[in-house]
């Protein structure tokens, strides 16, 4: 399922979150994603010129990014052009922040306990 099929980031499941996280965890893939994000679109050949790796390796990384829903491809003749799926990146970021910021009863109790410990006593 592509990330853009969700109507709201709340509906993103953890397997999708993990697939995207794994896709961007690789330093080379993250650098490729940043290079794509800095342009309207870029060809695989142009990406291969930016990085000291084989074009086949660039293609592999692009496939991982496409499977994660972070990049889309447009074919024109023999060339393949890639662009960032900005909405997908935004949804991923929103969902990640929301899922990590959600408080459970355990974290609420811990937060309350820590807050009380940091309150100075009146005599002190």
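The values are calculated or read from the model by the stated rules, or taken from the named source; none is laboratory data. Since the structure is predicted, the reported quantities are computational estimates derived from the model, not experimental observations. Methodologically, a virtual Cβ is constructed for each residue, glycine included, from the backbone with ideal geometry; neighbour enumeration extends over all protein chains shown.
Among the residues of region 69-124, what is the count of those that are at pLDDT 90 or above and farther than 30 Å from residue 58 by Cα?
Number of matching residues: 0.
For region 62-93, name all the residues that are part of a strand (DSSP E or B) and in contact (Cβ under 8 Å) with a residue 40 or more places away in the chain.
Once the filter is applied, which keeps residues that are part of a strand (DSSP E or B) and in contact (Cβ under 8 Å) with a residue 40 or more places away in the chain, region 62-93 yields 81, 82, 83, 84.
Report whether or not residue 40 is assigned to a loop (DSSP other than H, G, I, E, B), exposed (fewer than 13 other Cβ atoms within 10 Å of the Cβ) and at pLDDT 95 or above.
It is true that residue 40 is assigned to a loop (DSSP other than H, G, I, E, B), exposed (fewer than 13 other Cβ atoms within 10 Å of the Cβ) and at pLDDT 95 or above.
When region 46-56 is examined, which residues are found to be touching a residue at least 24 places away in the same chain (Cβ under 8 Å) and either exposed (fewer than 14 other Cβ atoms within 10 Å of the Cβ) or outside any helix (DSSP H, G or I) (or both)?
Across region 46-56, the qualifying residue is only 53.
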